[in-house]
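Report on the following structure.
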Amino acid sequence: MSKLIELKGISKSFDGERVLNHIDLYIRDKEFVTLLGPSGCGKTTTLRLIGGFETPDEGQILFDGVDITQLPPHRRQVNTVFQRYALFPHLNVYDNIAFALKMKKVPVEGTENTAAPKWRHLTRDEIDERVTRMLNMVSLRGFEKRNVTSLSGGQQQRVAIARSLVNEPRVLLLDEPLGALDLKLRKDMQKELKDIQKATNITFIYVTHDQEEALSMSDTVVVMQNGTIQQIGTPTDIYNEPKNAFVADFIGESNILDGTMPADRVVAFDGRTFPCVDGGFEKDEPVDVVIRPEDIDIVDPEKGMLCGTVASTTFKGVHYEYIVDVRGFKWMIQSTDYVEAGKVIGLSIDPDAFHIMHKSEFSGMFGDYSTYSDEMDELSDPNAGVEEEDDAEEATEEA
Ligand SMILES: Nc1ncnc2c1ncn2[C@@H]1O[C@H](COP(=O)(O)OP(=O)(O)OP(=O)(O)O)[C@@H](O)[C@H]1O
Ligand SMILES: [Mg+2]
């Protein structure tokens, strides 16, 4: 797959405030790419630059190798679905989808490659064929005559997607398109969007701050923070090989410990060493050690590599989630085994469950679940009743 869009050294400021800082990114043809990051990190701004609704202060945007940095939106082969999609309220479903096609002009057959091609509108049959294909794709056959204002949020979102795809853009930009939908519908629509992308072969650039959504839909995930790209990779790369403590913390749950690498395939923390599979660090290099909660086995204390006391237990449906105090550091462990709070347990961790990262500007900012467990203590404290309501509110605000 070749590079379709390329952002080269893109920077953008608003009111003297830099919101994008030297962004370098390419997007391959037919790829499903997701920009993922916390609120305010610059996702929408990046999308608007690609769509042509903003111009960068520095840098270049290439499309198929051609500089489009200054090209207005309507001349780019890009369509956008916004979170607050504006359907035409006075038009029915069919006419909403057909709208852009009625405006569209195509070269008259036989004149395409001549010096002066002739242009014509699409015929009624051509429009009907394309709208019907779109209605099928978004499962809205039979809704043609319905007024869009009578549709549910999910159905309206489908109309918005069909409307933006009917023109067959090379690229579809989607800015949190499912944000307004409830969880169940969002999950269904995630799958549907992925299927539509596969069926149409259109490049999707998708924006979300929901890491699960990003991991389940994308070919490539771009993790952003504070106007910079922290990591670009496949969902499994991003999850299994986070580049730094920010990515490890933002994508899923992570215990992140302060350690060193005394040798290849040996990591030291908490005053002792553990076998691991990573290498290539300087001798005794300070590192961040990531261990995912699901990669820790609960064993008898005498068999454990580490020992700790269960501070809290939460039933999560598929597994239990434990906060475990190991010499003052609060670990999160997920396990299908049940253990009571207060019990001393052993922790067993396979060598390949340690993921070793170089130190970064994010070191020390994440990784300990102590605030989390305070909150859990508060929530599970039967005495935190009416008279202590003020305290509880403060604790929630702090968290
Ligand atoms: N037109 C604008 N004028 C001034 N500031 C802006 C403008 N557009 C965006 N910003 C600022 O730029 C920063 C990045 O905004 P952006 O909308 O790209 O974030 P985001 O990652 O999409 O966040 P969210 O998840 O909340 O939608 C924010 O601090 C925002 O306030
Ligand atoms: Mg946004």
Can you list the helices (runs of 4 or more DSSP H) lying wholly within region 199-257 that have 2 or more residues being among the acidic types (Asp, Glu) and in contact with a Gly (Cβ under 9 Å, 6 or more places away or on another chain)?
none
Check Lys30 against each of (1) within 15 Å of ligand 1 (Cβ to nearest atom); (2) touching a strand residue (DSSP E or B) at 6+ places or on another chain (Cβ under 8 Å); (3) on the phi > 0 side of the Ramachandran plot and name the one condition it does not meet.
(1)
Does region 59-73 include one or more residues that are surrounded by 15 or more Cβ atoms within 10 Å (Cβ to Cβ) and without any contact (Cβ under 8 Å) to a residue 12 or more places away in the chain?
no
From Cys276, Cys307, which residue is more than 28 Å from Leu215 (Cβ to Cβ) and in contact with a helix residue (DSSP H, G or I) (Cβ under 8 Å, 6 or more places away or on another chain)?
Cys307
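Listed residues Gly317, Gly367, Gly328, Gly308; which is buried (at least 18 other Cβ atoms within 10 Å of the Cβ), among the small types (Gly, Ala, Ser) and at pLDDT below 95? Reasoning before the result, please.
On the way: Gly317 fails: buried (at least 18 other Cβ atoms within 10 Å of the Cβ); Gly328 fails: buried (at least 18 other Cβ atoms within 10 Å of the Cβ); Gly308 fails: at pLDDT below 95.
Just a single option satisfies the conditions, and that option is Gly367.
When only residues in region 155-179 that are within 16 Å of ligand 1 (Cβ to nearest atom) and assigned to a loop (DSSP other than H, G, I, E, B) count, which is modelled with the highest pLDDT?
Filtering region 155-179 for residues within 16 Å of ligand 1 (Cβ to nearest atom) gives 173-179.
From what's left, assigned to a loop (DSSP other than H, G, I, E, B): 176-179.
Values: Glu176: 91, Pro177: 88, Leu178: 87, Gly179: 81.
Filtering region 155-179 for residues that are within 16 Å of ligand 1 (Cβ to nearest atom) and assigned to a loop (DSSP other than H, G, I, E, B), the one modelled with the highest pLDDT comes out as Glu176.
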Pairs where the first residue, in region 31-51, is in the same structural domain as Pro72 (by TED's automatic domain parsing) and the second is near ligand 2 (Cβ under 10 Å from one of its atoms) and assigned to a loop (DSSP other than H, G, I, E, B), C-beta under 8 Å, 6+ apart
Leu36/His209; Gly37/His209; Pro38/His209; Ser39/His209; Lys43/Gly37; Lys43/His209
Tally the residues that are closer than 19 Å to Gln197 by Cβ and either part of a loop (DSSP other than H, G, I, E, B) or within 13 Å of ligand 2 (Cβ to nearest atom) (or both), restricting the search to region 14-33.
3
Would you check which residues across region 48-92 are within 16 Å of ligand 2 (Cβ to nearest atom) and either outside any helix (DSSP H, G or I) or in contact with a helix residue (DSSP H, G or I) (Cβ under 6 Å, 6 or more places away or on another chain) (or both) and list them?
Gly51, Phe53, Glu54, Thr80, Val81, Phe82, Gln83, Arg84, Tyr85
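With Asp278, Asp288, Asp297 as the choices, which residue is part of a strand (DSSP E or B) and within 16 Å of Asn240 (Cα to Cα)? Quick ask: steps written out before the conclusion?
On the way: Asp278 fails: part of a strand (DSSP E or B); Asp297 fails: within 16 Å of Asn240 (Cα to Cα).
Only one candidate passes the filter, namely Asp288.
The values are calculated or read from the model by the stated rules, or taken from the named source; none is laboratory data. Please read all numbers here as calculations on a predicted model, not as lab measurements. For neighbour counting, all protein chains shown are included, and Cβ atoms are generated from backbone atoms with ideal geometry for every residue, glycine included.
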